[in-house]
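The values are calculated or read from the model by the stated rules, or taken from the named source; none is laboratory data. Computed from a predicted model, the values in this text were never measured in an experiment. Neighbour counts run over all protein chains shown; Cβ positions are idealised from the backbone, glycine included. Heavy atoms of the whole protein, side chains included, go into the accessibility calculation; ligands, DNA and RNA do not. Shrake-Rupley method; radii C 1.70, N 1.55, O 1.52, S 1.80 Å.
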Amino acid sequence: MAAHRKPPQRSFGGGRVRTAATIALAGAASATGFGATAHATPKPSPQQVKATVDRLYREAEIATQRYDGAKEKADRARGRVNALRDEAARRTDRLDTAREALGSAAAAQYRNGSVAPSVQLLLSSDPQRYLDDAAFAERVDGRQATAVTDVREQLREIERVRGAAQAQLATLASRQAELRRHKRTIEQKLGEARRLLSRLSRSQQARIMTENGGAGQTAHSALQAAKAPNARAAAAVAYAYGKLGSPYVWGATGPAAFDCSGLTQAAYRSAGVSLPRTTYAQIEAGRRVARSELRPGDLVFFYSGVSHVGIYVGNGQMIHAPHPSAPVRLAPVDSMPFAGATRVA
């Protein structure tokens, strides 16, 4: 009986089992909680978020200026298409009148017993081909020959205008595709910035926006405008003061919302001065001035790519439309990397 006695179970139920269980639990912990803690991506600090958001806003503004430029070109192309279509319609009306006159003469000849070439012209399914027949001109009198020549020229001009319209339509389609590309870029950058900001507390968001957009203080526009060098600059500065607090919307030129170059364009439009749409064109629109020579009404530009603009109002301050998270506001000129200035009035 002793030879068949079962060995003790201590090796499985005692210390070895507890040791194995401890090792297994430790491994599981390492694979879950402890391991996740060790390899988790650290949450960015508010300063890091601000730096990234600033970069995204700058990239979005570059894309916005490209969008504005493409839109301006698309609008011009659309205007040319419409003008060419109108011209083609006018020329077609004149052609119809000329052909009716030829038809009247042909009808008279038909009543007299002869089928004139003019009748053949009106009945032809391909009048241009018929008109190009050299023998045709030899078979009509001088007055009709002149009329036929005029019809031929009008047909050619209509084809030329229609061809030009088709070319402009192709240009317009290309500009519209460019607009869509820039729009996607803008929306991607702004969406990423919004997601980053949403991870911060409201107080942290407010602090970042204040730092990004400037102090946002108000002032009496009349006092500042009085210092402007002339009436047009004064009017532009006064307009900018009147828009403090207006929202930033990319592509907007007022009167309720603006992007940066849209604000400066609208300000000078109110003063009777026409500015181009983009920062790249606005910096070339007037006379360059040094930073030390700034006067109220001057346009001030920022960043190496000249992607941002504001309107100088004196005392080292400008009014600008910063970005979608900050409304039109006052800010120090030295709050961004200065790229140049232009006097347009």
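Structure notes:
- Average accessible surface for region 218-307: 43 Å² per residue, computed with a 1.4 Å probe over protein heavy atoms with every protein chain in place.
- Label-point separation in nm, N315 to R78, each point 7 Å along Cα→Cβ: 4.2 nm
- Gain upon complete extension [E284, A89; 0.36 nm per residue less C-alpha separation]: 66.3 nm
- The alpha carbons of region 274-345 stretch over 31, 26, 23 Å along the principal axes, in descending order.
- With a Förster radius of 30 Å applied to the C-beta separation of R291 and A177, the computed FRET efficiency comes to 0.15.
- Summary of packing: across the peptides 239-249, 259-269, the per-residue average of other C-beta atoms within 10 Å ranks them, highest first, as 259-269, 239-249.
- A simple spin-label model places the labels of A164 and D150 2.2 nm from each other, with each point 7 Å out along Cα-to-Cβ.
- Of the peptides 45-52, 182-189, the ranking by mean beta-carbon count within 10 Å, highest at the top, reads 182-189, 45-52.
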